[in-house]
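Novice: Quick one: this structure, given as structure tokens, is what I'll be asking you about.
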Amino acid sequence: MIHRSLVRALIAPAALAAGTLLAGCNSDDISLASNAKANQPVPPKLITAMVEKDMELQSPILVRLFKQEAELEVWKQDRSGRFALLKTYPICRWSGDLGPKVREGDRQAPEGFYAISPGQMNPQSAYYLSFNTGYPNAYDRSLGHTGSELMVHGDCSSRGCYAMTDEQIAEIYSLGRESFFGGQKSFQFQAYPFRMTPLNMAKHRNNPNMPFWKMIKEGYDHFEVTHLEPKVDFCEKKYVFDAAKPPDAKRDPVFDASAKCPAYVIPDELAEAVREKQEADHAEYTKLVERGTPVARLNTGIDGGMHKVFAAKLPNGNTGLSEGGQGLALFTLSKPPGTIPTNVNPPRGPVTSPDEPLAASLAPAASPVRVAAATSGAPSEGASQNAQSEGFFSSLAHKMGFGSAAADTTASAPQPAAVKPKATEAKPRPAPKTDTKADTRQAAAHAPSKPAANDTAMAAPVPGVAATQDSQVAGSQPVLSANSFESRFSAAK
């Protein structure tokens, strides 16, 4: 069984590249279609892990990301139809503060729920490989939040993005590619400030972003209790999760992020399971507050964070806003999961100017490490024009009946047995404000790095968080889809 899965993983990219070479003679298209970085096979270790966890190579995936822990999780659907954790990747670098992105130029990495379609995959990224987070979504736009080209990419250097090592993004990219080959229209990307546990909620209870965090915690809780991809909608400038039509309704509710919420219900069994979790979280949260759990200090100018396994390898390395600033020596003997470029700038701060709270991260470093001034993997102008043509994945989408790939919500995983719905009234919640900015960099060929370094699978996430009724979210950021995955394969149409 392992052998068959491995053979399939090796054959699919090769067949794609060969088909492209036969399809046309446009040298630019051919070079894009046969991009070796984008066609790297899924590593054998991950194939073995899938077999052990009863997963298909091309089954759907779901990605969760946590800033404070500096970790990115890839979940994959098993044969039961539910998602199980496949692998956790330490994040090499992320930008900004804890909290959502609000405006172009705020250097903030987005938080919230986004859908990643084939067109958002960028094999020609200046940062090795990347995918566009899709910021801003409908919720972000309803609040007037701005920003563009917010990516998850390689190169371990970021100003508004989430940066992995080249080896890590090659693995994540290959998993997304295979899920698209398997028929997934888009995979869900969930970005959080931290794991939504009662302890973390207690530590950050005075943070002005708390209403937003309570709102997205609702989606976190839905996933935690079901291990199914939550259906995401927006109305009254807020998120709504797993909404269904009322029993007496003839058609599904229609949602508009800026309009009044339509009548909808949340299935009884799901609503009850989420309620029980939130009550338990709230009870624990209350105990922690009563015991005097210290409140986390607000950002004093530190720009983002870095996982300790990377920070330990850099001169004057610092985890910034990520956990694990103390005891870095424990990780000096650990081999980092990928190559750390010489241009990596660890988080720095504090700053002295309230007008330029992130200026410290732009100043020259006092260490031998050269500071990187570049940012997220923005596509080149030529690539933007090329993206207009219908590519291989557009054709593939039409054949599979995908329709448009640019949706604000992701396709849901197969749901378990139907549950009785229970009417729910959606009440408007006030939306907090956030900051962030996404910078872009012209796509220039980036030398491929060695595929898959360390295959360290991390532990599963810790569930939990305090329940809340009143929450309004502020902020994510817009995403532009240049250098799209589809346009790269336009020669194969």
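The values are calculated or read from the model by the stated rules, or taken from the named source; none is laboratory data. Keep in mind that this is a model prediction, so the values were computed, not measured. Don't worry about glycine lacking a Cβ; one is built from the backbone with ideal geometry, like all the others, and counts go over all protein chains shown. With ligands, DNA and RNA removed, areas are computed over all heavy atoms of the protein, side chains included. Shrake-Rupley method; radii C 1.70, N 1.55, O 1.52, S 1.80 Å.
Novice: Using only the heavy atoms of the protein chains and a 1.4 Å probe, how would Ser157, Ser80 rank by accessible area, largest first?
Specialist: Order by accessible area, largest first: Ser80, Ser157.
Novice: When the accessible area of segment 91-166 is split by element with a 1.4 Å probe, what percent falls to carbon and sulfur?
Specialist: 43
Novice: If you stretched the chain out fully between Ala36 and Arg275, how much longer would it get, using 0.36 nm times the residue separation minus the C-alpha to C-alpha distance?
Specialist: 81.3 nm
Novice: Probe of 1.4 angstrom, ligands and nucleic acids ignored: what's the accessible area per residue over segment 120-242, in square angstrom?
Specialist: 16
Novice: Something else now. Where in segment 219-234 does the amide nitrogen come within less than 18 Å of the point 7 Å from the Cα of Asp252, taken along Cα to Cβ?
Specialist: 228-234
Novice: I've got another one for you. Classify segment 157-247: rounded, prolate or oblate, from the alpha-carbon gyration tensor (a ≥ b ≥ c, eigenvalue square roots; a/c under 1.5 rounded; otherwise prolate if a/b is larger than b/c)?
Specialist: Note, shape of segment 157-247 comes out oblate.
Novice: Of the heavy-atom accessible surface of segment 201-257 (probe 1.4 angstrom), what whole percent is carbon and sulfur?
Specialist: Roughly 47 percent, rounded to a whole number.
Novice: A further question on this structure: What distance in nm separates the simple spin-label points at Lys260 and Arg297, each placed 7 Å from Cα in the Cβ direction?
Specialist: If labels sit at Lys260 and Arg297, their model points lie 4.8 nm apart.
Novice: Quick check: residue separation of Asp268 and Ser80 times 0.36 nm, minus the Cα distance between them. What number comes out in nm?
Specialist: 65.5 nm
Novice: Order these peptides, 306-316, 187-197, by their mean beta-carbon neighbour count within 10 angstrom, highest first.
Specialist: Listed from highest to lowest mean packing, they are 187-197, 306-316.
Novice: Here's something else I'd like to know. What's the extension gain from Glu290 to Asn206 if we count 0.36 nm per residue and subtract their Cα-Cα distance?
Specialist: Stretched out fully, the Glu290 to Asn206 stretch lengthens by 28.8 nm.
Novice: Just to be sure I follow the rule: in segment 177-259, considering lysines 8 or more places apart or on different chains, how many pairs have Cα atoms under 19 Å apart?
Specialist: 10
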